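A.B. asks: There's a structure below that I have some questions on.
What follows draws every value from the coordinates through simple rules; no lab data is involved. Remember, it's a predicted structure, so these values are computed and weren't measured experimentally. Cβ placement follows ideal geometry from the backbone for every residue including glycine, while neighbour counts extend to all protein chains displayed.
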Amino acid sequence: MRILVGAMTDLVSNAVKPYPAARIALARDPAGRVTVAIGGAWQLDADPPDLDRIDAELFTEPGPTSIVFDASDLVAWDSGLVSYLASVAWRCRERGIAVQEEGLPEGIQALLRLASTVPERRAEGRDEHADPFLRRFGQDFIDLMRSTGEILAFIGEVTLALRSMIAGRARFRRSELWLLVEEVGADALPIISLISFLVGLILGYIGDQQLAQFGARIFVADLVGLSIVIQMGALITAIVLAGRTGAAFAAQLGTMQVNEEIDALRTLGISPVEFLVLPRLIALVAMTPLLAIYANLMGILGGSFAGIVVGGLSPTEYFTQTVAAIRWHHITQGLISATVFGAIVAVSGCLRGMQSGRSAAAVGEATTSAVVTSIVFIVIASAGLTIVFDAIGLS
Amino acid sequence: MSPDGPTKPPSAAPLSEPISEQADPHILLDAVSVGYGETVIQRDLSFGVRRGDVFVIMGGSGSGKSTLMRSLIGLLAPQAGRILFDGESFWDALQHERTRRMRRNGVMYQSGALWSSMTLEENVALPLEQYTNLRRSQIHEVAVYKLALVGLSAYCDYYPSEISGGMRKRVGVARAMALDPDILFFDEPSAGLDPLSARLLDDLILELRESLGATMVVVTHDLASIFAIADDSVFLDAATQTMLTTGNPRDLREHCEIKLVRDFLSRGGE
Ligand SMILES: Nc1ncnc2c1ncn2[C@@H]1O[C@H](COP(=O)(O)OP(=O)(O)OP(=O)(O)O)[C@@H](O)[C@H]1O
Ligand SMILES: [Mg+2]
């Protein structure tokens, strides 16, 4: 049954095809001269003849001394045929076999001539062959070292720029700084409200369920208050800013790189680090602690919602307990963390933007890489800061 | 030569000596090689650019014209050799001297390279804000005047994304002229422009040379504009990776002994 259907579809499709199928055949005379007879319609969307078989035949030892073509039966042709003939011609030339193209239609001959002119010189020093594993591993290691070096160099440049700003010599536009402050700070409020409120709510809900088992429901206020103020508020703010602002910085600077805007600054003698990176760093370092304070309040609000609605505490009870639990040094810890995280997001975003290549794809990579770099360093810094706070007795 | 500090007002008189009396070249290249990383693109480039000339860098696509220009404007250190401006080696100088030198160059980039977050007026005004002591109102006047020179004073408050490619190039010229530079560099000024706008830009280049007395270095493919503006030129070749010849393009077209150069300048001998 299935065979029958197959045969019928063949019949139908053959009936629809306006041209005879493509054919190719070889004939070798005793002197080793091969005549390649090409016939039918060669079209890219039609089934090509089995060229591998022809190839094998053509180049079996002893190879032909010369090749001629007979295209008298050729009905139609397009790039499918020309590209095959071009590859045959290339290989023949490599082996020193003469190819006589006179038997081919004029158009094909012209295209073959065009394709066989000397290819443009490639810049040397650009090899892309697959590397063996060890070599790739080594290359990755070298790349890692280099990128660490680049990060350090960039931080150095930023430090120098900060110094010249303190000396009052840095060149950037104050108006741009205000725009950035607005973009970084005010515009981030809605998303930060939402996320901190929900995180507070979740903490409160889970905390309440656990503490209820010991009849210590009131302590949910301590749990939420402390975790939000010491860590979560700053962390939420930093991660939102990494995704929102750090990525935007990388995309802005990357696009400026593509448009040669950064070159235009350099040739004017304006340092791109002073002009572009410094205002972004200042805006983020100034705004992150403020946003973190706001995130703290929203988080506590979320926690109180759980404590009051689910845990049945009274609002006065909850807030008195919270105020009693939180000490100034907890708030200080959170704000110091937030400031450090803000600097990390700004530096990562700007670094990746400045390093971006000169294409749309490179800008995309820079953006992704900015977010990844920020988050990795935020997590590392958060661990480091915990140890430092402990060591200096702040916790 | 007036001392050029950050306080140089943009209205300061341009170089006033007549061009004919200049023997010392404004820019001199001494066995310069340029390229990226290990890859050499052009080597052994030695030529001078006379003060006040319109000097054209020509050559086939991919021959390294833009690369050479990046080295001349201080964006890419050459792999070997020296580049001298007014007899002082640029790349051997200290960073702050280089910065000072670069400020006296105006650069028009192929795509305009306007700062996209600023209006056209702010684009032209930024160099003035950074390097002059002009009052805000004066800066506004100078910026509008420079935009008027390229016929765009009506577009002061437009952003670069709101104007056409040709207009962006003209704003690029206005910005390059903002600080009345000694040397103006143009990368492919006529590429992507219609014949009439290209012609207008050529005229503008010549007029600016007349009025500012600045030296102009122009990278271009465009034969019409090469013959219209060039006093002198250098021809870079991709195959041999070096310069083939220097000289006035009209003379080269008639008398150069190298066939490739004659062919290039006559579109393959039409
Ligand atoms: N950033 C880069 N890194 C490595 N090689 C590059 C880079 N930019 C250009 N090249 C190489 O340098 C060579 C010269 O490029 P360049 O842009 O200077 O040519 P051009 O003469 O300006 O050409 P066109 O007239 O087409 O603009 C090319 O072979 C190119 O592959
Ligand atoms: Mg170029």
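A.B. asks: What net charge do the residues around B:Ala224 carry, taking every other residue with its C-beta under 10 Å from that of B:Ala224, with Lys and Arg at +1 and Asp and Glu at -1?
C.D. replies: -1
A.B. asks: Shape of the protein assembly as shown from its Cα gyration tensor (a ≥ b ≥ c, root eigenvalues): rounded if a/c is under 1.5, otherwise prolate when a/b > b/c, or oblate?
C.D. replies: It comes out oblate by the Cα gyration axes.
A.B. asks: Whole Å is fine, so just give me how far the alpha carbon centre of the range A:278-325 lies from that of the range A:60-77.
C.D. replies: The range A:278-325 and the range A:60-77 have Cα centres separated by 82 Å.
A.B. asks: I want the local charge near B:Ser89. Using Cβ-Cβ distances under 15 Å, sum +1 for each Lys or Arg and -1 for each Asp or Glu among the other residues. Kindly include the intermediate steps, with their values, before the conclusion.
C.D. replies: Values: positive: B:Arg82, B:Arg98, B:Arg100, B:Arg101; negative: B:Asp24, B:Asp30, B:Asp86, B:Glu88, B:Asp92, B:Glu97.
Neighbour charge sum, excluding B:Ser89 itself: -2.
A.B. asks: Counting Lys and Arg as +1 and Asp and Glu as -1, each charge on the Cβ, what is the dipole of chain A about the Cα centre in debye, to the nearest 20?
C.D. replies: Computed charge dipole of chain A: roughly 1240 debye.
A.B. asks: For the charge dipole of the range A:16-93, defined by +1 on Lys and Arg C-beta atoms and -1 on Asp and Glu C-beta atoms about the Cα centroid, which residue among A:Gly80, A:Ala31, A:Tyr19 has the Cα displaced farthest towards the positive pole?
C.D. replies: A:Ala31
A.B. asks: Ordered by residue, what ³J(HN,Hα) values in Hz, to whole numbers, does the range B:190-204 give under the Karplus form 6.51 cos²θ - 1.76 cosθ + 1.60, where θ = phi - 60° and Gly and Pro are x?
C.D. replies: Karplus-based 3J(HN,Hα) across the range B:190-204 equals 9, 4, x, 9, 6, x, 6, 5, 4, 4, 4, 5, 4, 4, 4 Hz.
A.B. asks: Run through the DSSP bridge list for chain B and note the antiparallel percent, rounded to the nearest 5. Don't skip to the answer; put the middle values down first.
C.D. replies: Numbers: 19 of 37 bridges.
The answer is about 50 percent antiparallel.
A.B. asks: Taking the Cβ-Cβ separation of B:Asp30 and A:Arg169 as r and a Förster radius of 22 Å, what is the calculated FRET efficiency to the nearest 0.05?
C.D. replies: Efficiency, from the Cβ-Cβ distance: 0.05.
A.B. asks: Using DSSP, restrict attention to beta bridges with both residues in chain A and report what percent are antiparallel, rounded to the nearest 5.
C.D. replies: The answer is about 35 percent antiparallel.
A.B. asks: Counting only C-alpha contacts under 8 Å and six or more residues apart, can you give the relative contact order of the range A:13-117 as a whole percent?
C.D. replies: RCO, the range A:13-117: 26 percent.
A.B. asks: Please list the non-local residues whose amide H lies under 5 Å from the amide H of B:Val217, H modeled 1.01 Å from N, same-chain partners needing a gap of 5 or more.
C.D. replies: Residues meeting the criterion, in which the H sits 1.01 Å from N, are B:Phe55, B:Leu184, B:Phe185, B:Phe186.
A.B. asks: Here is a follow-up. Which distance in nm do the two modelled labels at A:Leu194 and A:Asp52 give, with both placed 7 Å along the Cα-to-Cβ direction?
C.D. replies: Reported label-point gap for A:Leu194 and A:Asp52 is 5.5 nm.
A.B. asks: When we measure straight from the Cα of B:Lys259, which aspartates and glutamates land under 13 angstrom away, once same-chain ones fewer than 8 places off are left out?
C.D. replies: The qualifying aspartates and glutamates are B:Asp237.
A.B. asks: Lys and Arg at +1, Asp and Glu at -1: add these up for the other residues within a Cβ distance under 14 Å of A:Trp178 and post the number.
C.D. replies: Result for the local shell: -1.
A.B. asks: Another question about this same structure. Could you work out which residue, out of A:Gly353, A:Gly342, A:Gly40, moves most in a Gaussian network model of chain A, that is, has the largest mean-square fluctuation with Cα springs under 10 Å?
C.D. replies: A:Gly40
A.B. asks: Can you give the log10 of the normalised intensity I(q)/I(0) at q = 0.13, 0.18, 0.22 Å⁻¹, computed with Debye over equal Cα scatterers of the range A:13-117?
C.D. replies: -0.46, -0.87, -1.27
A.B. asks: Still on this structure, I have one more. What is chain B by shape, rounded, prolate or oblate, if you read a ≥ b ≥ c off the alpha carbon gyration tensor as root eigenvalues and call it rounded for a/c under 1.5, prolate for a/b larger than b/c, and oblate otherwise?
C.D. replies: The shape class here is prolate.
A.B. asks: Just to be sure I understand: of the beta bridges DSSP finds with both ends in the range B:139-270, what percent are antiparallel, rounded to 5? Could you put the intermediate results ahead of the total?
C.D. replies: Working: 4 of 9 bridges.
Counting only bridges with both partners in the range B:139-270, antiparallel ones make up about 45 percent.
A.B. asks: On to the next question. Quickly estimate the mean residue ellipticity at 222 nm for chain A, helices only: each DSSP H run with n ≥ 4 gives -39500 (n - 2.57), and the total goes over all residues, rounded to 500.
C.D. replies: -22000 deg cm²/dmol
A.B. asks: Gaussian network model of chain A, Cα springs within a sub-10 Å range: biggest mean-square fluctuation belongs to which of A:Ser193, A:Ser79, A:Ser348?
C.D. replies: Of A:Ser193, A:Ser79, A:Ser348, the Gaussian network model singles out A:Ser79 as fluctuating most.
A.B. asks: Which residue, chosen from B:Gly48, A:Ser116, A:Val309, occupies the Cα position most advanced towards the positive end of the dipole of the protein assembly as shown, where the dipole is computed from +1 (Lys, Arg) and -1 (Asp, Glu) charges on Cβ about the Cα centre?
C.D. replies: Looking along the dipole axis, the top candidate is A:Val309.
A.B. asks: Which of A:Trp178, B:Trp91, A:Trp77 comes first, and how do the rest follow, when ranked by fewest Cβ neighbours within 10 Å? Before the final figure, lay out each step's value.
C.D. replies: Working: A:Trp178 12, B:Trp91 15, A:Trp77 21.
Ascending Cβ contact count within 10 Å gives the list A:Trp178, B:Trp91, A:Trp77.
A.B. asks: Also, quick follow-up: Which of B:Ala230, B:Ala176, B:Ala238 ends up with the largest GNM mean-square fluctuation for chain B, with Cα atoms connected below 10 Å?
C.D. replies: Largest GNM mean-square fluctuation: B:Ala238.
A.B. asks: With θ taken as phi - 60° and the coefficients 6.51, -1.76 and 1.60, list the Karplus ³J(HN,Hα) couplings across the range A:351-364 in order, rounded to whole Hz; mark glycine and proline as x.
C.D. replies: 4, 5, x, 5, 7, 4, x, 9, 8, 4, 4, 5, 5, x
A.B. asks: Another question about this same structure. Treat every Asp and Glu Cβ in the protein assembly as shown as -1 and every Lys and Arg Cβ as +1, leave all other atoms uncharged, and give the resulting dipole magnitude about the Cα centre to the nearest 20 debye.
C.D. replies: 1560 debye
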